[in-house]
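Asker: Have a look at the structure that comes next, please.
Every number in this text was worked out from the coordinates using simple rules, so none of it is lab data. All values reported here derive from a predicted model rather than from experimental measurement. Positions of Cβ are backbone-derived with ideal geometry, glycine not excepted, and every protein chain shown enters the neighbour counts.
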Amino acid sequence: MAPNDEILYDHHHDGIDRRGFLRCMAWAGTGALCVLNGGVLTSYALGRSGDKDKEVKIPKGELAFVQISDSHMGFNKPANPDVVATFQAAIDKINALPIAPEFILHTGDVSHLAKPAEFDNVEQILKSARTSEVFYVPGEHDFVGDEGQQFRERFGKGAQGAGWYSFDKKGVHFVGLVNVANLKAGGLGSLGSEQLEWLEKDVKHLKSSTPLVVFAHIPLWTVYPEWGWGTDDSAQALAYLKRFGSVTVLNGHIHQTMQKVEGNVTFHTACSTAFPQPKPGAAPSPGPMKVPAEQLRTLLGVTDVHYKQGEHALAITDSSLA
Amino acid sequence: MQRNTRVLGMAALAVLGLALASFAGRASAGENPAAPQITIDNFSFTPTTLTVAAGTQVTWVNHDDIPHTVVSEDKTTFKSRALDTDEKFSFTFSKPGTYTYFCSIHPKMTAKVIVH
């Protein structure tokens, strides 16, 4: 790893004695494994298939789940005329993991045009996933035409408002947020006051030592506002999470992995399973990146997350479909 | 000399282009030869400001390979369905005013139609 791939980060506060060390790999094609252990976050290169020496062994007895994102079922343009095949490849990848994930989080843009057949297709393919549950939050494409009515009927049973909800698994509190409803001309993603009030109440009763995982479609940090890659009122949401010792924010939308650590919050975006998008500002628009067919699957992927109980340990692994 | 020839050549091409554009415009607009069109390319509306007379029908066409919508800022005056590649949406502006609109999928995309 070249020294300039590393981001050094170090601080002490809040009595939890948390020190972070983030090292993020140049990602494309190889994948990176980020392990957070006792406040120290490190990433390792994941070798391509067969390169076992470089892989990090993950201890047993933890919570393991997988994030998938931006399946854009229904998309059929270059560089991916077959998003069904790449989505299936993502599920195959998940099924080949050494530990079956407890559940899968889909961080939105399930469909390309919110058509019933597109949602059907995703649900059907996910039936072959070796996991017991799938949790969804919507992307803006899932809200086309009906502001998410159909999406909520299918994937948002028991959710509040535009489709937000929370649940607990093995001591970790998970919060699914919706930042694609009621978007305003010229604006970014938006949570809205009703959802923010709900979030404040939802986390109020939790101990500060409870690990939090917050997931939503559009990044909850400002990645590139010129392309709408951010959420207007995310600062308010993050303010409610400030007292927690371990917060992991998982997003999609930008079809590439990106990671940032700010205080006790680790922000992470996942790859799409459908098509890659350019790096911020690297193209005239955020439209699909057209890449040679043999390169496509190196730019698509899934994200594997492990939490080790009692040790504030969270490991995030991105792996490509190649 | 060579340079002059090239300039002349470009001028000729430009004239030809204009002629073709006006012919294409007339051909696609059917009964209304002045029907203006707004194109969507690279997540932008072009032109960003269009001025028309009251009663004019304006047509949007999406040239991107990602769907876009055309929605008035108040979300009620006009609202297209998702326009896939090369799909069109038309709206007739009957009342004068300034109509700001955006793509509800990519709200950073904004533009306006001024109606006299």
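Asker: Please tell me which of these pairs span more than 31 angstrom C-alpha to C-alpha: A:115/A:201; A:93/A:115; A:93/A:260; A:260/A:290?
Answerer: Violating the 31 Å Cα-Cα cut-off are A:115/A:201.
Asker: So, R0 is 51 Å and r is the distance between the beta-carbons of residue A:92 and residue A:149; what FRET efficiency does that work out to, to 0.05? Mind showing how you got there, number by number?
Answerer: Values: r = 32 Å, r/R0 = 0.63.
Efficiency, from the Cβ-Cβ distance: 0.95.
Asker: Can you give the average number of partner chain beta-carbon atoms within 10 Å of each beta-carbon in peptide B:61-73, as a whole number?
Answerer: Partner Cβ neighbours, averaged per residue: 3.
Asker: Now, a different point. With each label point set 7 Å from Cα along the Cα-Cβ vector, what nm distance links residue B:65 and residue B:86?
Answerer: My value for the distance between the label points is 1.4 nm.
Asker: What's the magnitude of the charge dipole for region A:103-178 around its Cα centre, counting Lys and Arg as +1 and Asp and Glu as -1 at the beta-carbon? Answer in Debye, nearest 20.
Answerer: On the way: 8 positive and 11 negative charges, 83 e Å.
Magnitude of the dipole: close to 400 debye.
Asker: Starting from the Cα of residue A:123, step 7 Å toward the Cβ, then list every residue of region A:163-192 with an amide N under 18 Å from that point.
Answerer: A:163
Asker: Still on this model: Normalized C-alpha radius of gyration of region A:211-322, against 2.2 N^0.38 Å? Display every interim value, and only then the final one.
Answerer: Details: Rg = 15.0 Å, N = 112, 2.2 N^0.38 = 13.2 Å.
Normalised Rg, Cα atoms only: 1.14.
Asker: Given the pairs A:169/A:207; B:79/B:108; A:279/B:112, which are separated by over 21 angstrom at their Cα positions?
Answerer: From the list (A:169/A:207; B:79/B:108; A:279/B:112), the Cα-Cα distance tops 21 Å for A:279/B:112.
Asker: Quick one: go through region B:65-95 and flag any residue whose amide nitrogen is under 19 Å from the point 7 Å out along the Cα-to-Cβ line of residue B:48.
Answerer: Within reach of a label on residue B:48: B:69-73.
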